[in-house]
Amino acid sequence: MPELPEVEVVRRGLEDHVVGRRIVGVDVTGVRTARRQPGGGAEIEDRLTNRTVSGARRRGKYLWLTLDDDDAVGADCLLVHLGMSGQMLVTDEGAPPVRHMHARALLDDGRELRFVDQRTFGGWTVVPLADALDGTGVLLPAPAAHIAADPFEEGFDPLATARLIRRRDTEIKRLLLDQTVVSGIGNIYADEALWRSGIHGRRRAGALTLRSVTQTLEHARDVMSDALVAGGTSFDALYVNVNGASGYFDRSLDAYGRTGLPCARCGTAVVREDFMNRGSHFCPVCQPAPRRSAVGRRSVAR
Ligand SMILES: [Zn+2]
């Protein structure tokens, strides 16, 4: 699954290479790629043809292209679901077809924007823009209107988000992954942010200080920002690496995927435990697990 830094690298690539181009022809061959569109591939072809790509936007892990100059409520945008393995490729005119190519848009400069997706969990949908439900005044694709701001956004307020997290008072990691609380933090960066904070993911948010929750959100932003720098902004690397294999993003990780390896802070072996059908990776010394009775004691204290 691509994480926010990978999606951001794709967005930058699209901004550099596709924004400003007019779409002169569209061909959607993948039935699954168009499955979210009521009118299927034919509707996507219809609604994209002769439109000019005016912007490449992202919130959390959602990525979309705005069309024409019409950046207003109700205007069409192309929502790109990368799924597990989706890639947005820009190829030169006359480039040979590749395997797992399910959609392509011919641009007015002769190049092609292609959607390649081996596992077909991804897809394209043309949807209207809507006001974000969080009141930030940002326009989002309607199916993503409920998504909260991500830590890279100007309108993101770490302190207000930390207050919201503490009020919800469930496990901190569950809240970091809740896209209606803060978007864009996936399993990898939740583990990394918690490691940097020295907090176990199963600790209850309401039992943590406002300062430590705020810091955890700042760590999440920093660790994703570091990944973005490490991942580079090379156009080629971007399209190779957006397949979700994580590749070079892993090099700077301190907790995720490091089961049995020494913690960079104290040398204790990193532990993995099951969490929300995935894994949590943490240092058992730097990030002590909550006591089992913590939940009961807290409700009594209230
Ligand atoms: Zn440690």
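Derivation of every value follows stated rules applied to the coordinates shown; laboratory data play no part. Everything numeric here is computed off the predicted structure, so don't read it as measured data. Neighbour counts run over all protein chains shown; Cβ positions are idealised from the backbone, glycine included.
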Item to complete: Go through Ala132, Gly39, Leu106 and say which Cα lies farthest out towards the positive end of the charge dipole of the chain; charges sit on Cβ, +1 for Lys and Arg, -1 for Asp and Glu.
Response: Ala132
Worksheet item: Averaged over all directions, how much area does the convex hull of the C-alpha atoms of the chain cover when projected, in nm²?
Response: 16.3 nm²
Worksheet item: Add -39500 (n - 2.57) for each DSSP H run of 4 or more in the chain, then divide by its residues: what number comes out at 222 nm, to the nearest 500 deg cm²/dmol?
Response: -8500 deg cm²/dmol
Discussion item. Students often get this wrong: which residues of region 121-138 have the backbone nitrogen under 19 Å from the point 7 angstrom along Cα-to-C-beta of Asp68?
Written reply: 125-131
Worksheet item: Can you give me the relative contact order of the chain as a percent, contacts being Cα pairs under 8 Å and 6 or more apart?
Response: 17 percent
Worksheet item: Dipole of the chain, Cα-centred, from +1 at each Lys and Arg C-beta and -1 at each Asp and Glu C-beta, to the nearest 20 debye?
Response: 2060 debye
Fill in: Viscosity 1.002 mPa s, temperature 20 °C, Stokes-Einstein D of region 4-144 from Kirkwood C-alpha radius, µm²/s
144 µm²/s
Response to the item:
Under the 7 Å Cα-to-Cβ spin-label approximation, Thr268 and Asp92 lie apart by a distance in nanometres of 5.6 nm
Fill in: Residues whose placed amide H lies under 5 Å from that of Phe156, excluding near-sequence neighbours
none
Worksheet item: Say each of Leu210 and Asp226 gets a label point 7 Å from the Cα, pointing the same way as Cα to Cβ; how far apart are those two points in nm?
Response: 2.8 nm
